[in-house]
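Before any comments, here is the structure.
The values are calculated or read from the model by the stated rules, or taken from the named source; none is laboratory data. For clarity, every value in this text was computed on a predicted model and none was experimentally measured. Quick reminder, even Gly has a Cβ in these numbers, built from the backbone with ideal geometry, and neighbours come from all protein chains shown. Side chains are part of the model used for accessible areas, which takes the heavy atoms of the whole protein and leaves out ligands, DNA and RNA. Shrake-Rupley method; radii C 1.70, N 1.55, O 1.52, S 1.80 Å.
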Protein chains: 6
Amino acid sequence: MIYNILAFFDNRKPFEQASAHCDIPCKIYDPISAQLAVLTMIRMVDLLDELKTNESLSFEQQATFNRLVSEKETHGKQVKEDIRAIWGDYIKQPQLDSHPELHKLTHEIMLAASAAKQKIDRAVTLSLLNKVNRFAEIFWQTKGVAVYQGTCPYPPTEILVYPDLKA
Amino acid sequence: MIYNILAFFDNRKPFEQASAHCDIPCKIYDPISAQLAVLTMIRMVDLLDELKTNESLSFEQQATFNRLVSEKETHGKQVKEDIRAIWGDYIKQPQLDSHPELHKLTHEIMLAASAAKQKIDRAVTLSLLNKVNRFAEIFWQTKGVAVYQGTCPYPPTEILVYPDLKA
Amino acid sequence: MIYNILAFFDNRKPFEQASAHCDIPCKIYDPISAQLAVLTMIRMVDLLDELKTNESLSFEQQATFNRLVSEKETHGKQVKEDIRAIWGDYIKQPQLDSHPELHKLTHEIMLAASAAKQKIDRAVTLSLLNKVNRFAEIFWQTKGVAVYQGTCPYPPTEILVYPDLKA
Amino acid sequence: MIYNILAFFDNRKPFEQASAHCDIPCKIYDPISAQLAVLTMIRMVDLLDELKTNESLSFEQQATFNRLVSEKETHGKQVKEDIRAIWGDYIKQPQLDSHPELHKLTHEIMLAASAAKQKIDRAVTLSLLNKVNRFAEIFWQTKGVAVYQGTCPYPPTEILVYPDLKA
Amino acid sequence: MIYNILAFFDNRKPFEQASAHCDIPCKIYDPISAQLAVLTMIRMVDLLDELKTNESLSFEQQATFNRLVSEKETHGKQVKEDIRAIWGDYIKQPQLDSHPELHKLTHEIMLAASAAKQKIDRAVTLSLLNKVNRFAEIFWQTKGVAVYQGTCPYPPTEILVYPDLKA
Amino acid sequence: MIYNILAFFDNRKPFEQASAHCDIPCKIYDPISAQLAVLTMIRMVDLLDELKTNESLSFEQQATFNRLVSEKETHGKQVKEDIRAIWGDYIKQPQLDSHPELHKLTHEIMLAASAAKQKIDRAVTLSLLNKVNRFAEIFWQTKGVAVYQGTCPYPPTEILVYPDLKA
């Protein structure tokens, strides 16, 4: 019953199964954060496009422009981080064997997120969403969870791949 | 066509409707981040409880203990931030009128998140999840979106309130 | 004298009193950080207004505009975080009983901070300061500490509610 | 009235005076943040010393130990950042001329903050507070603001140098 | 000479070449940050191993243990971020064509960094360094810069791949 | 072999030598991060100057302007942090004795970094680089490591002081 911090010979490995899956290990991965981040980028593009319809911008609108660009940037970084985390922590050999496109798809998401950050372009950002949705689809497939396509219940009302968790 | 940053007399308010809802304004709010953060806290408690079954901890297990406690802490802060953002940015008078318990519920979530951070206690953390699920339920109700209860497709396989987006 | 990490039967609760007050528990709360953050927002508005007097902005002034807007944004987030921390960690039932307006006031501070972030408007930001000062006044009252109104010793030289700690 | 971002010949320098003082320039500097951070370090040491009186630590107390150490660390970094900001942004030649000890004092604060981070030692952390209080005293002197010594109205009830803003 | 923010027909693309390389676009990529982060992880392992030689740990040594584990964790995240940034922002089709192993190598670095975070194991962390050094070697090759192997001039005095910039 | 967290009588000081050098203590200091941060600032100035050659900016170019200014700002903060860390953690009395200019040089770097943040000026930013290179030169001298001047292998192709680690 004594706490022995120097018990190096301990052979039990309580986390063995868990450590096959994640970084803590915790096993909680969900592409929804990345998907929400892309939606936010699209929303920022839409608001920027709305702003662009003005003939001129007031000082305050210029500040709004800055905040929109900055939020788009932040969420672009978020997409990269979230996808990197799933790809780099959860995706292992078994998932690569069943979905050999994962390396290429992940890399394409990185490049697409860069493009979406550098531009104010709905089509470019939507193309990022498509790739992230495809990533989500594969992810849920590796977990044996069915998916469906649903329209997100807020602007920009784009289609997301959701896990189907209804019994 | 000239960009006039000093056009303060500009009376058009392209964001008027939007600014009734959020901070950018962006309208993208989703309690799922807060829900995932609580799930992660529960998962950390489960892994800590698993660790507790050891008679003694090796140096490496002690480091694991630290990482679990630290992740639990981080996600406890996340819950508070995410709920505060929805309550403080999205919830306005109309939502308070239809759901007068929102102030009290939000405050209880803060206290419950503190308790879940200070303790390693599944019941305490589950109680936080219940409150956050209730918050999610109200949130989707204010958006006119139906919800369902589903078991999250990863450990700790607890029940979450999800929006029902399937047509 | 042996360190027993598995001593779950331990009934002593050395932090009981402390845990009634904060998140570590640490008991060190001070609204001054939130107050300084609002002052900074007002200062940014003043510098932006000064910038607005120019007929045109040089490239460098445009960069200054960006830095001012970005600092205002950052401190707007800070206000929300700081007030949320005191309200969500320190304010408990006894404080709510003696000051029933605390939920409403805290929520109003969130909305006012959003408004101050979205606009470049001295009156709006000053209104945020008034609410935060009122929050500080109540806070010190719950601690039994007298307060006084003093002019902050730097721009924007607005009035803050300070604790009176002089014997 | 036209916004001309390319007006490089613009000779007006609206911020000249301001830029003599700070980084935005904003002129809002206050050592109170650094002082509060040291107080928090002392408080963490006190709570750690309280924890040390236990013959053994439960799992939960071990987690508390971790949180206390982590908060102490965080606030140690904060002290360094806050003092560096005032010294590196606000302190210029005039202040150095009137207070030639500022370089040495600032450097000593850095070393003392390192020591306070590395140890769990009240005397070491109190020595850091003394240096930070001395820094605050000089700071207010450079602003022509009188100071007084007051006991902070929360644990660890140590003496701080406060500006005297009461008319 | 007028600043026209609505000049959407503008066909000049001053950043075209640059945008082929990075995210701002800025072209400044250097694997040295990732390499230093791994060195720090190795150093933390060495200090942890040193700590392990004690028969028992004092309260303060236990705090040191926590700080070492926490720094190791932080730098493990840093490695992942830094390598992801170069791979996801700089590596494009030409680099993939000349070095087809880049996807696999990057993914292996992610898994190795996870392992180095989860364990306190010099061999595991050294294996991460080898992969990161290999990544650096390829990186400099794609830039046409010669490299050499040098011993880093501080503990843990391991070998790094450095660019050879001496004329 | 028992882990005794309360062993305060422990007289062995395994980190004594190490604690003379750094904050963990870890001994890994390298001015390269600060040098890369200044290079990035210069690069941003160059890209901003390139942008300035346009008669007018499109919406997207305006967003690029924002991202460049924001990156310049971020790296300006980084320079300050990195230099402060070496000066405040590593530089002790022996280094001050052999290089008495260190306090003044460090302070000048802070002021120069502020100037480089506030302006879009290549000469100002280059002057910051010179000071940081001088700092690096002294730093390597205190470690007994020879240095050489090399042109950094990416834009802005400026000269850096590098350690000479080739046997």
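Details
- Scope segment D:25-39; condition at the interface with chain C (Cβ under 7 Å from one of its Cβ atoms) and open to solvent by less than 10 Å² (accessible area, probe 1.4 Å); matching residues: D:L39
- Residue match in segment A:102-112 (condition: within 16 Å of A:I42 (Cβ to Cβ) and either in contact with a Cys (Cβ under 9 Å, 6 or more places away or on another chain) or surrounded by 17 or more Cβ atoms within 10 Å (Cβ to Cβ) (or both)): yes
- Residue match in segment E:117-137 (condition: assigned to a helix (DSSP H, G or I), in contact with a Gly (Cβ under 8 Å, 6 or more places away or on another chain) and either within 13 Å of chain A (Cβ to nearest Cβ) or open to solvent by less than 20 Å² (accessible area, probe 1.4 Å) (or both)): yes
- Among residues of segment D:57-98, those that are over 23 Å from D:T125 (Cβ atoms), outside any helix (DSSP H, G or I) and open to solvent by less than 20 Å² (accessible area, probe 1.4 Å), counted: 2
Yes or no, residue by residue, for (1) within 24 Å of F:L57 (Cα to Cα); (2) modelled with pLDDT of 95 or more; (3) of a type in the set (K, R):
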{"site": "C:R43", "(1), (2), (3)": "no, yes, yes"}
{"site": "C:D46", "(1), (2), (3)": "no, yes, no"}
{"site": "C:D49", "(1), (2), (3)": "yes, yes, no"}
{"site": "C:A63", "(1), (2), (3)": "yes, yes, no"}
{"site": "C:N66", "(1), (2), (3)": "yes, yes, no"}
{"site": "C:Q78", "(1), (2), (3)": "no, yes, no"}
{"site": "C:E81", "(1), (2), (3)": "no, yes, no"}
{"site": "C:R84", "(1), (2), (3)": "no, yes, yes"}
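- Selected residue [among the charged types (D, E, K, R) and over 17 Å from the mean Cα position of the chain (by Cα)] from B:K77, B:K52: B:K52
- For segment D:62-102, a tally of residues being among the aliphatic types (A, V, I, L, M), more than 16 Å from D:W140 (Cα to Cα) and within 8 Å of another protein chain (Cβ to nearest Cβ) returns 3.
- Flag for E:F59 being within 16 Å of B:N66 (Cβ to Cβ) and without any contact (Cβ under 8 Å) to a residue 12 or more places away in the chain: yes
- Close contacts from segment B:101-126, counting a first residue that is touching a residue at least 24 places away in the same chain (Cβ under 8 Å) and a second that is not in a helix (DSSP H, G or I), with Cβ to Cβ under 7 Å and a gap of 6+ residues or different chains, come to B:L102/B:I91; B:S114/C:D23; B:K117/C:D23.
- Within segment D:43-56, the residues that satisfy the criterion of being crowded, with 22+ Cβ neighbours inside 10 Å and in contact (Cβ under 8 Å) with a residue 40 or more places away in the chain are D:R43, D:V45.
- Any hit, segment B:141-155, residues being away from chain C (no Cβ under 14 Å), assigned to a helix (DSSP H, G or I) and not hydroxyl-bearing (S, T, Y): yes
- When residues of segment F:1-41 are limited to those that are in a loop (DSSP other than H, G, I, E, B) and at pLDDT 95 or above, the one farthest from E:C26 (Cα to Cα): F:Y29
- Residue selected from segment B:139-167 under the condition out of contact with any helix residue (DSSP H, G or I) (no Cβ under 7 Å at 6 or more places or on another chain) and of a type in the set (A, V, I, L, M, F, W, C), by the criterion most open to solvent (accessible area, probe 1.4 Å): B:A167
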